[in-house]
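Have a look at the structure below, then the notes.
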2 protein chains.
Amino acid sequence: MAKSIFYHAGCPVCVSAENDIIELIGETQVDIIHLGEETTRIKEAESAGVKSVPALVTPKGHVLHINFGASLDDLKN
Amino acid sequence: MAKSIFYHAGCPVCVSAENDIIELIGETQVDIIHLGEETTRIKEAESAGVKSVPALVTPKGHVLHINFGASLDDLKN
């Protein structure tokens with residue numbers, strides 16, 4: 001099965017959600033991307049439909065915005 | 001392992017998120033509660049920290065608000 005991608009920005013809300021997602025779906029099933037560090041991937045996240053972090057993009061390409069840490073626009077500045 | 005609880009209200013955003021969650025964590029790992037039909041459980045959801053649906057409460061009791069369908073307050077009216 002294709003992996004999900006979890007986008008975050010290191011915020012407390014993000015870290016908490018990351019731990020929960022890893023527990024729920026398993027560490028091997030998800031790639032974790034820190035958009036604060038990997039800023040070149042913000043565009044990719046945006047194209048996938050991510051509006052804010054933390055967010056999980058499923059193998060089918062659906063975006064699940066989980067709680068709210070920061071908007072993607074804020075990460076660009 | 002204890003199950004997660006997925007609270008929803010039958011809205012399109014809820015149904016889409018429900019399908020994604022079932023695919024990600026497996027149908028046997030999550031109880032699905034329709035708060036529009038089981039209104040007596042709104043209080044339980046509220047106590048767990050659910051503010052809006054769809055939301056997933058993890059076995060650890062953490063609340064993941066997934067996208068946004070409706071606020072819990074709207075379901076009371």
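The values are calculated or read from the model by the stated rules, or taken from the named source; none is laboratory data. Remember, it's a predicted structure, so these values are computed and weren't measured experimentally. Every residue, glycine among them, receives a Cβ derived from its backbone with ideal geometry; neighbour counts consider all protein chains shown.
What number of residues within region B:41-56 are within 12 Å of chain A (Cβ to nearest Cβ) and closer than 14 Å to B:Cys11 by Cβ?
3
When you go through B:Pro12, B:Pro59 one by one, which is the residue that is within 9 Å of chain A (Cβ to nearest Cβ), surrounded by fewer than 18 Cβ atoms within 10 Å (Cβ to Cβ) and not acidic (Asp, Glu)? Step through it out loud before you land on a result.
On the way: B:Pro12 fails: within 9 Å of chain A (Cβ to nearest Cβ).
Testing whether each residue is within 9 Å of chain A (Cβ to nearest Cβ), surrounded by fewer than 18 Cβ atoms within 10 Å (Cβ to Cβ) and not acidic (Asp, Glu) leaves just B:Pro59.
Return the residues of region A:41-61 that are within 30 Å of B:Lys3 (Cβ to Cβ) and either of a type outside the set (Gly, Ala, Ser) or part of a strand (DSSP E or B) (or both); say none if nothing qualifies.
A:Val50, A:Lys51, A:Ser52, A:Val53, A:Pro54, A:Ala55, A:Leu56, A:Val57, A:Thr58, A:Pro59, A:Lys60
Checking B:Gly10 against (1) farther than 16 Å from A:Asn67 by Cα; (2) at pLDDT 95 or above; (3) in contact with a His (Cβ under 9 Å, 6 or more places away or on another chain), which single condition isn't satisfied?
(2)
Which residues, taken from region B:21-70, are within 27 Å of A:Lys51 (Cβ to Cβ), of a type outside the set (A, V, I, L, M, F, W, C) and touching a residue at least 40 places away in the same chain (Cβ under 8 Å)?
Result: B:Pro54, B:Thr58, B:Asn67, B:Gly69.
What residue, among those in region B:22-40 that are polar (S, T, N, Q) and within 14 Å of chain A (Cβ to nearest Cβ), is nearest to B:Ala2 (Cα to Cα)?
The residue in question is B:Gln29.
Does A:Leu64 count as assigned to a helix (DSSP H, G or I), among the aliphatic types (A, V, I, L, M), within 14 Å of chain B (Cβ to nearest Cβ) and touching a helix residue (DSSP H, G or I) at 6+ places or on another chain (Cβ under 7 Å)?
The answer is no for A:Leu64.
Looking only at residues that are part of a loop (DSSP other than H, G, I, E, B) and more than 12 Å from the chain's Cα centre (by Cα) in region A:24-37, which one is nearest to A:Gly10 (Cα to Cα)?
Among those residues, the one meeting the criterion is A:Glu37.
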